[in-house]
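The values are calculated or read from the model by the stated rules, or taken from the named source; none is laboratory data. None of the values given here were measured: they were computed from a predicted structure. Neighbour counts run over all protein chains shown; Cβ positions are idealised from the backbone, glycine included.
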Amino acid sequence: MRVLITNDDGIDSPGLHALAASAIAEGLDVVVAGPAHQSSGSSASILGAESDGRIHMEPREIEGLAVPCFAVRAAPALIALIAAHGAFGAPPDAVLSGVNRGANVGRAVLHSGTVGAALTGGANGARGLAVSLDVGMHPLTCHWDVAARLARSVLPSLLASPQGTVLNLNVPNEPDAADRPLLAATLATFGIVQTTATEHGEGEVRMTVADTDAEHEPGSDAALLDRGHPTLTSITGIGEAPLPEGTPVDAVDSRAAGA
């Protein structure tokens, strides 16, 4: 099985290197392609192409990783997209994104570049796994290897799952987190932090990010992570839902519409 390792913290992130090392140890065919620069909060953005459509990348050597590695001037979702089209060799069977510096929980995962890359992989014929470490604001140390170990334990079931499956893994920043039960979780209404507009001026708005004071729903990823449990959530990116009742549309025969 071939896997792409990417992230939104950039090619030099130790979390990226730890995740790649775990995939290599699992015996997978690994290629590493991370953003040349920090791309946090990029969601599923496909920014990075020049005006002529070119996307610049350069080979990198990363200590301890004897696999092809590239620094790409693009958002992580765009990296996952071009990987699906053969930019780094055969399209990957899975996109592993992380290990992110900071948790990605709740509906706020919509904005995460880490999650955006995994969802883009899932939308383009692969499976996706986003991996995040709950390091908080000022960690004394980051247990990247612990998060990578938990990610490795999830890989066999991920790779055996149907194409399009995307999982979101969050890990407490504790040395024994990999030995704790991995719990299935729902998405919290909010993430661990919440963005608010604190000042409105002439032609501008100032945004701040602060800890949310809302109670997390029992069984949600944010609540379980707060109690010290690693969590796993199956997520989806795009899909269809019924239109609201009373929407003024005509029922059209799908065969006639496609004719």
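Can you tell me which residue in segment 126-145 is farthest from ALA44 (Cα to Cα), limited to those that are modelled with pLDDT of 95 or more, of a type outside the set (A, V, I, L, M, F, W, C) and in a loop (DSSP other than H, G, I, E, B)?
Applying the filter and picking the extreme gives THR141.
Filtering segment 42-67 down to residues that are surrounded by 14 or more Cβ atoms within 10 Å (Cβ to Cβ) and not aliphatic (A, V, I, L, M), which residue is nearest to the chain's Cα centre (by Cα)?
SER43
Any chance segment 131-150 includes a residue that's surrounded by fewer than 17 Cβ atoms within 10 Å (Cβ to Cβ), out of contact with any Leu (no Cβ under 7 Å at 6 or more places or on another chain) and among the hydrophobic types (A, V, I, L, M, F, W, C)?
yes
Please work out if ALA103 is closer than 24 Å to HIS138 by Cβ and in a loop (DSSP other than H, G, I, E, B).
Yes; evaluated as a whole, the condition is true for this residue.
If PRO76 passes every condition in (1) at pLDDT 95 or above; (2) surrounded by fewer than 20 Cβ atoms within 10 Å (Cβ to Cβ); (3) under 23 Å from ALA148 (Cα atoms) but one, which one does it miss?
(2)
Kindly indicate whether any position in segment 38-61 is closer than 19 Å to ALA123 by Cα, hydroxyl-bearing (Ser, Thr, Tyr) and in contact with a strand residue (DSSP E or B) (Cβ under 9 Å, 6 or more places away or on another chain).
Yes: segment 38-61 contains one or more residues that are closer than 19 Å to ALA123 by Cα, hydroxyl-bearing (Ser, Thr, Tyr) and in contact with a strand residue (DSSP E or B) (Cβ under 9 Å, 6 or more places away or on another chain).
Residues checked against (1) acidic (Asp, Glu); (2) out of contact with any Ser or Thr (no Cβ under 6 Å at 6 or more places or on another chain); (3) loosely packed, with under 12 Cβ neighbours inside 10 Å; (4) modelled with pLDDT of 65 or more:
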{"site": "SER153", "(1), (2), (3), (4)": "no, yes, no, yes"}
{"site": "LEU159", "(1), (2), (3), (4)": "no, yes, no, yes"}
{"site": "ASN170", "(1), (2), (3), (4)": "no, no, no, yes"}
{"site": "PRO181", "(1), (2), (3), (4)": "no, yes, yes, yes"}
{"site": "GLY203", "(1), (2), (3), (4)": "no, yes, yes, yes"}
{"site": "HIS216", "(1), (2), (3), (4)": "no, yes, no, yes"}
{"site": "GLU240", "(1), (2), (3), (4)": "yes, yes, yes, yes"}
